[in-house]
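*Asks:* Please see the structure below; I have some questions.
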Amino acid sequence: MSATLVKVADLRLGSIVAEDIMANTQYPIVYKDTKITREHLIVFQAFQIPKIPVLTTSIVEKKEKEITLVPENVTEDEVIVESMTPFAIQYVKSVAEFKAEFFKWQAGSKVDIVKIRTIILPLIDYVLRDRALIFSLNELSDSKNYIYHHSVALSLISAAIAHKMGLPKGDIIQIASAAALADCGMAKVNKKILEKAGALTELELKEIQEHPFYSAQLVKEIPLLKSDMKIAIYQHHERLDGSGYPLGEKGNSIAVYSHIIAVADVFHAMTCERVYREKESSFKVLEMIRESQFGKFNIEVVHTLFSCLADLPLGTKVELSNFALATIVFVNKDTPTRPVVKLIDTSEIIDLSRNRILYIERLIVE
């Protein structure tokens, strides 16, 4: 098939990349046959890539009716990017940069902790100003690049929990850095296993469960990362009841920093779209963690994540599970996942703690 070289500013959503796109990385930042999305536009801009080869037959022509809707000399894609929040734009850029670092680790490079902090610090500043952002991270993730999204999100959620627990700024940055690197050992797992869409075999699962050991090896010589944080990286899949891995540690042998990353890890993993399941409501997942994961996690850490919901300001716009739009009018600190909401269309007041059929599907971040 023939390909056409198109300026990034002129790319159309849905066009198909004709060849792997490299950016001074061991592996492509975007693979051949990928359909262009708005996230890719930001990635290309972040890596300062001027033109992209796309399949000629896939170029999406601008519809006549759209010409009157988009200002002259401004592409539809630029309008979409501009409609994203500054946080979302920075998040997508950070994920792309983290992905490039992950490729370097796969190629044998050492972990550059300074670069990792450069990637996550702008996002941490956003989250410390507004912890509610952590409850919409699953809206920004995608299943194909889940491992990179997960690492960045893990960093932000851990930072929010640490901040809510009253830890000093230095410790917050330390725990955020550790969380971002908790899965760096995945770079040493066989690529075929990481990219497998179906169920893993017992041997493949065992290989995945070795990643905390690989991660610990990658970070052990980093002087800027405290020893407590290196332990947290190694233990972030351990559980209080001994059901975790790699050592099956239990009780007080698991450090509190480990629990912060562990709670953040399971929360983000359960909310995100994966190749084998759809994304889930952050509010619903929090209820699931409290009800079904009791005894596995440090209860103080779980309560802290819950209490971040109690900080949601009145008037926060949400979408309910029946697709109705509403605003939060009251938050009960004992049941923060089920506030009292007011429907925007009808002004009806609904107490979600009493109406168990409905739940909040997502926050609407504007």
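*Asks:* For the stretch 191-206, name all the residues that are under 26 Å from ILE157 (Cα atoms) and touching a residue at least 24 places away in the same chain (Cβ under 8 Å).
*Replies:* LEU194
*Asks:* On to the next question. Of all residues in the stretch 232-246, count the ones that are at positive phi and either touching a Phe, Trp or Tyr at 6+ places or on another chain (Cβ under 8 Å) or assigned to a helix (DSSP H, G or I) (or both).
*Replies:* Within the stretch 232-246, residues that are at positive phi and either touching a Phe, Trp or Tyr at 6+ places or on another chain (Cβ under 8 Å) or assigned to a helix (DSSP H, G or I) (or both) number 0.
*Asks:* Residue under question is GLU221, and the condition is that it be outside any loop (DSSP other than H, G, I, E, B) and surrounded by fewer than 19 Cβ atoms within 10 Å (Cβ to Cβ); does it hold?
*Replies:* The answer is no for GLU221.
*Asks:* Turning to a different aspect of this structure: Looking at the stretch 200-212, can you tell me whether even one residue there is outside any loop (DSSP other than H, G, I, E, B), open to solvent by less than 10 Å² (accessible area, probe 1.4 Å) and over 17 Å from SER282 (Cα atoms)?
*Replies:* yes
*Asks:* Taking the stretch 247-278 on its own, how many of its residues are open to solvent by less than 50 Å² (accessible area, probe 1.4 Å) and either on the phi > 0 side of the Ramachandran plot or assigned to a loop (DSSP other than H, G, I, E, B) (or both)?
*Replies:* Residues in the stretch 247-278 being open to solvent by less than 50 Å² (accessible area, probe 1.4 Å) and either on the phi > 0 side of the Ramachandran plot or assigned to a loop (DSSP other than H, G, I, E, B) (or both): 5 in total.
*Asks:* I need every pair where a residue in the stretch 248-277 that is in contact (Cβ under 8 Å) with a residue 24 or more places away in the chain and within 13 Å of ALA153 (Cα to Cα) has its Cβ under 7 Å from the Cβ of a residue that is among the acidic types (Asp, Glu) and not in a helix (DSSP H, G or I), sequence separation at least 6 or different chains.
*Replies:* The qualifying pairs are THR271/GLU280.
*Asks:* May I pose another question? I'm trying to understand the selection: among the residues of the stretch 322-358, which are touching a helix residue (DSSP H, G or I) at 6+ places or on another chain (Cβ under 8 Å) and either loosely packed, with under 12 Cβ neighbours inside 10 Å or under 26 Å from MET84 (Cβ atoms) (or both)?
*Replies:* Matches in the stretch 322-358: LYS333 only.
*Asks:* Can you name the residue in the stretch 279-298 that is more than 25 Å from PHE330 (Cα to Cα) and not polar (S, T, N, Q) and is also surrounded by the fewest Cβ atoms within 10 Å (Cβ to Cβ) among such residues?
*Replies:* So the residue we want is GLY295.
*Asks:* Take the residues in the stretch 11-42 that are assigned to a helix (DSSP H, G or I) and open to solvent by 20 Å² or more (accessible area, probe 1.4 Å), then tell me which one is modelled with the highest pLDDT.
*Replies:* Step by step, filter the stretch 11-42, then rank; the result is HIS40.
*Asks:* Where in the stretch 293-366 are the strands (runs of 3 or more DSSP E), entirely inside, with at least 1 residues that are under 20 Å from LEU133 (Cβ atoms) and among the small types (Gly, Ala, Ser)?
*Replies:* 325-330
*Asks:* Could you tell me whether the stretch 177-190 includes any residue that is touching a residue at least 12 places away in the same chain (Cβ under 8 Å), open to solvent by 30 Å² or more (accessible area, probe 1.4 Å) and on the phi < 0 side of the Ramachandran plot?
*Replies:* Yes, there is a match, as at least one residue in the stretch 177-190 is touching a residue at least 12 places away in the same chain (Cβ under 8 Å), open to solvent by 30 Å² or more (accessible area, probe 1.4 Å) and on the phi < 0 side of the Ramachandran plot.
The values are calculated or read from the model by the stated rules, or taken from the named source; none is laboratory data. Nothing here was measured: the structure is a model prediction, and the numbers come from that model. Glycine gets a Cβ as well: all are built from the backbone with ideal geometry, and neighbour counts include every protein chain shown. Protein only, heavy atoms only, side chains kept; ligands, DNA and RNA dropped before computing areas. Shrake-Rupley method; radii C 1.70, N 1.55, O 1.52, S 1.80 Å.
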